[in-house]
Amino acid sequence: MTRHSFIAQNPAVLWFLLILAVFTIVVTLLSEAYGVAFISTSFVKTLGKTLCLCLVALAMDLIWGYAGILSLGHMAFFAIGGYMVGMWLMYARTEEIVVAALAQGGLPATPEEVRQGIATQIFGVVGASDFPPVWALAHSFWAQMALVVAVPGVLALVFGWLAFRSRVTGVYLSILTQAMTLALALYLFQNDSGLRGNNGLSGLQNLPGLGDVSQDALSVWFFWASAVALGLAYVLLTWVVSGKFGSVIRAIRDDEQRVRFLGYSVEGYKLFVFTLTAVIAAIAGALYYPQAGIINPAELAPIASIYLAVWVAIGGRGRLYGAVIGAAFVSLLSSWFTGGRAPSIPLGFYTINWVDWWLVLLGLSFVAVTLFAPKGIGGLFDLWQGLRSPDRKGAALGPDDSSLQEKEAVK
Amino acid sequence: MRRIILSLAAFLFMALPGLAQDQSATDILNTNRDLIEKPTRAKIAPVIAALAESGVPLAATVLGAWGDKGLGIRKSDGMFFLIEAGADGWKLRDLTGAEAGTAAKGDVLELRPNAGVRGLIATALVQFTLSDPDPAKRADALQSIARDPEAAHLEPLRASIEAEPDPALKAQKTRLEQLLTLRFDPDSAKRVAAIEGFGAELGLDVRGAINPLLATRQIAFAGDLPANTNLARMLDPGTDISDVEAYDLLVGAGMAPARLTVDEARAALLAHIVDGAVAGIPVTDLGIQANRDRAYTALEAAGAVPPAATDAEAAAAIAAHSFAEVYAEPDPAVTTAARAAMDRIDLTVGAMQAADLALDAISLASIYFLAAIGLAITFGVMRVINMAHGEFIMMGAYTGYVVQLFITNYTLSIIVALPLAFAVTFAAGVAMERLVIRHLYKRPLETLLATFGISIALQQIAKNIFGTQARPLTAPAWLDGALTFNDVLSISYIRIAIFVMAMMFLLFFLWLMKRTRLGLEVRAVTQNPSMAASMGINPDRINMLTFGLGSGIAGIAGVAIGLFAKVTSELGSDYIVQSFMTVVVGGVGNIWGTLAGAFLIGTLQKGIEWLNPSNTLAAQTYMILFIILFIQFRPRGIIALKGRAAGD
Amino acid sequence: MTALLEVSGVSVTFDGFRAINNLSFSIGPTELRAIIGPNGAGKTTFMDIVTGKTRPNMGTVIFGEKSISLLSMNEAEIARAGVGRKFQRPTVFEDQTVAENLTMALKAARAPWRVLFWKEGPADRERVQDLAREVGLADQLPRKSGELSHGQKQWLEIGMLLAQEPRLLLVDEPAAGMTLAEREHTTALLVEMARTRAVVVVEHDMEFVRRLNCKVTVLHEGSVLAEGSLDHVTRNQQVIEVYLGRG
């Protein structure tokens, strides 16, 4: 066995980065701000958001496809990331408006007046006029950016420690993560949670200090940032899964008891991966919501996290490019269908309107993928490369619930 | 308050000359003619009181007619008549009721008392209606007094008790008399006796009567407590009452100048800008609160702006005064007795509320149990995660709704809907098992995701068929209402029905699993499929039936849940997480565990809701957190299989 | 010679069934020991206790010169302390190559952070190749282990155990499903291994045990029935009853 460089061992990384770069350049050249205005600003935003969804799907693939933990809570971390960045955006943006308004008054505004003004502006909608304690750092960009990583990280650490320590695995863990997500969502729905209840945070598309920059340009900037984050995360995660660490987590997926007898602390690895992916999900959310413009607790609904698993499954779990393809494919297709652009199908007695029937199609095709094509879209690449699944007479590759299935493996 | 003053006024005026008690109704009317023509609530009270005192039957007739706009004055001679609109003009009767001819419309001044005056008249009439020969009218009168008690009612009520022939009404009257006594009797000892007479009775009327006695207000004073105040407790600023509230009290009582608001200070400063500075401080420096204070103080010193309290002055003012909570009721004996009675009542109410909470918890537990029992079968017995379980509940509820479209008799429709819902969801469950789940046994995570796909498809199909609007599933009339034990403790019949249903399911399940061939085979397949197969049991068939059974029960649960919840396409997803929690907390594979899980979760949720009644969202949040922690200590649930049988 | 592993007075109950009953057992640092016993004698449960999979209701398990108690440690900690275990059925990571399986087992830091930054050095590569050669899988390194034959998986697992460099090796029925030649190879390997470490072999096959030529412990109903050389224990009347009396 000879030693290979990282790139040589993982040629997919180069291909991925190349395609991402070309895609980014093409979108830029077609955008309204920096190109021929072929693509509308709102579609640039959609594409940018899609890149963020690809990023969170990467995290999901690491935790589920590689480590075998079907977390139904990663969209909660995604949303928390969005909330953290949204708090700063909303604070700083409101501050600009309040300072401008107070400057009309003849006297320069005192800091107390400014703070009170911001609080009234932001929390008037939930009938409060004081800053809740959770907003203590909202005025500081750097502190709030640190919280984007820290809050989901700590939450994942605490929850993961509790769950993994008591060896909750398989579907139990999935249900527990789902419960955690539901608890968070219900908490945020309350008006006195300090995050504006079901109103959520809004106006996030306006960047403080950049009032002169048009949304056309901003959308492209965020698109770039999302593309860079996705590229970096892809390289990072490829590195994580390609070495011995990757070996260990895949081993945990297939047979965690055996890994314990090798001397690896399975709980430690799970916690590490859970926290790492939570942080990546949060970063994706922090890039996503300024493009979406609004975030509210509905974004945390347990169903969002299940959709995330659906994307990864449709793309093909256990391969990073599969997660990206799945997320991009399903979310773009979904916006095409639900945006009313898909042509209706008249059946004579009934007309299939895709806005109404898209979810039915998605649900059923997802069942079909699970049953007939466990490799998902990624399986097409195996076909192309001539890779076949092993013939194991239906036996999975390990005793655990999360182990790779026969049809998911390659020879 | 106003009413009491009015009554007092009435008593005072009674003693005035010209309104002596022995006058006849006619005399009183004539004496006060001007007042009666243009009555005002304030001035007419003594007249009405005097009329009422003048004696039955004339007084009742006159007051009744007056209140009903049936009293008029003939303009020609100023005589009072009972009037009635005739064919042309008025039919007249004199005050004794004898016919007195007719008069043209313009000849008679019709008296039209305003609402306030009519109220006074009605009160005065109470004593007559309380002794009305018609028991229904007497009951009405009692009700109207109970609804809106006044001091003036007390005497007529007392007077009417003795002669009351109906024992039930007599009891009511006695009770009402006691209630009025404890509030309005001038004799403090009587009031105390009345209060104590009720003991710890729970009635809303008793609490409604005693509570106003305990009404307090906050006062501020310098030096000793003002005389004639009935102290409830002293208030210590900073602990019992915030400094801001304390100072507001002082301001409200005119004992201290108002604090300066930021806006007022700002306006004052703006008004005194001279050459870009206020009191010598440049405007550009006024972006700091300390500088603004300095500028204002300087203006204050110059007399340019009104003085305003600074923080230090406010603190000094607070320190110089005492604060107290005093009862509006001046009599300390009464308030002490009322406080004691209220404490006794609160204790009983607390106990009753605990019982009520327990009933609530049990009924919520029944609902969770109903929702979870089907899941306990599919998840617990077969280890199959069915995310579409909630949608089966929804299908059951919609089945009930569709049945009601065709069968309008609600009782009959429910009887039809229950087995039909079972049939529909049983079929759906069997179809799902055959088409999807069969291929995914031993792959619980894939099953979870595949059934989730089915769940979103089913939900959307329901939305497409029935729309997003909530559909009604109406319970039969005999399930309306509630079983009421007292004013605190009650439980609606529908919840009792659901509890009974849950118990029936439990028994049915136990019977099925322990006493039937099917149950035996199901247990055999669950424990060792290959061994069961070699003994001639067809595991495929058993799995299919078990799954169908679990789904069918979900359908029946759907009808039950639909009776009190809104039937929407999201009905199922509202219950799915709780159902999973119930099964997981209870312990997988054991029906008693599911029951215990449902009971724990129901109790917990109601308990937390009771601690924080305004916020059911918070209750659910904390409940889920509790469950996450609970699983730390009992990862296999309340009732866990132990040892090797549990597997890994 | 002080003992490497000292198990004393251990009992385990599953739902009222006493799987291990006041069991005491000890083994020196370089010793080969065979454990025999009928089905249900508690052999596997004994291994579960030593490796931390099952917690005993009472008793002590002491390991090493520092006399650490294994009862307060979890499976991974016990494995790191130097206890290796080979299962009855070969358990390797079937989706990973032989090389990956061996690399994972190599004695090295086990903490997530250290593993993440671990880089394969020339020494590691050489060690993997040596191990593969030792267990006869030198030309199978890039193959996925799921494609190996049953015997090859057994060997791979033994190779992984060697890579772990344990001080105490628990081997559950190593000869099951092996050809005669493979058995001889296995015997030689176990004897060789026992020169530098303690090896406990659980086995049914008397012929195989005889070949090992070591001290034998007979378990019955969760406690030690007899201990000594194979000839010694086979002469023991109780052992004969237990084995022959029940067939």
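The number of Lys pairs in chain C with C-alpha atoms less than 25 Å apart, excluding pairs fewer than 8 positions apart on the same chain, is 19.
Note on residue B:236 and residue B:163: their simple-model spin labels are 6.0 nm apart, each label 7 Å out from Cα toward Cβ. Taking only the C-alpha atoms of segment B:393-535, Rg followed by Dmax gives 19.7, 63 Å.
Computed on the Cα atoms alone, the convex hull of segment B:482-605 gives a volume of 126 cubic angstrom per residue. All distinct Cα pairs of segment B:216-327 go into the 1/r average, and the inverse of that average, the Kirkwood radius, is 15.8 Å. Pairs of alpha carbons in chain C separated by more than 29 Å make up 31% of all such pairs.
Here residue B:43 is the anchor, and the lysines within straight C-alpha reach of less than 25 Å, apart from those fewer than 8 places off in the same chain, are B:69, B:75.
Using only the alpha-carbon atoms, how far is helix A:302-315 inclined from the longest principal axis of chain A? Give it as 0 to 90 degrees, nearest 10. Helix A:302-315 sits at roughly 50 degrees to that axis.
The relative contact order of chain A, computed from alpha carbon pairs under 8 Å that lie at least 6 residues apart in sequence, is 28 percent. Within the straight-line cut-off of under 22 Å between alpha carbons, the lysines reachable from residue B:190 are B:170, B:173, sequence neighbours fewer than 8 places apart in one chain being disregarded.
Assign one of three labels to segment C:121-247, namely rounded, prolate or oblate, based on the Cα gyration tensor with a ≥ b ≥ c the square roots of its eigenvalues; rounded applies when a/c is under 1.5, prolate when it is not and a/b is larger than b/c, and oblate otherwise. Note, shape of segment C:121-247 comes out prolate. Remark: the protein assembly as shown is approximated by an ellipsoid whose semi-axes, taken from the C-alpha gyration tensor as √(5λ), come to 78, 42, 34 Å, largest first.
Placing a label point 7 Å from the Cα of residue A:146 along the Cα-to-Cβ direction, no residue of segment A:91-113 has its backbone N under 13 Å from that point. Based on the Kirkwood approach, the hydrodynamic radius assigned to chain B is 32.6 Å, with every pair of different Cα atoms included. Principal-axis analysis of the Cα atoms of chain B puts helix B:289-301 at an angle of about 0° to the longest axis. Helical runs (DSSP H, four residues minimum) scored at -39500 (n - 2.57) apiece and divided by the length of chain B put the mean residue ellipticity at 222 nm at -20000 deg cm²/dmol. For segment B:462-502 versus segment A:155-205, the spacing of their alpha-carbon centroids is 32 Å. Rounded to the nearest 10 square angstrom, residue C:232 shows an accessible area of 90 square angstrom against a 1.4 Å probe. For segment C:1-139, the calculated P(r) over all alpha carbon pairs, in 5 Å bins from 0 to the bin holding the longest distance, is 2, 8, 15, 17, 17, 14, 13, 9, 5, 1, 0 percent. The C-alpha atoms of chain C define a longest principal axis, and helix C:150-164 lies at about 80 degrees to it. Overall shape: oblate for segment A:6-312, with the ratio a/c of the largest to smallest alpha carbon gyration tensor axis at 1.5 or above and b/c at least equal to a/b.
The values are calculated or read from the model by the stated rules, or taken from the named source; none is laboratory data. Values in this document were obtained by computation on a predicted structure and should not be read as measured data. All Cβ positions, glycine included, derive from the backbone under ideal geometry; neighbour counts span all protein chains shown. The area values use the complete protein model at the heavy-atom level, side chains included, leaving out ligands, DNA and RNA. Shrake-Rupley method; radii C 1.70, N 1.55, O 1.52, S 1.80 Å.
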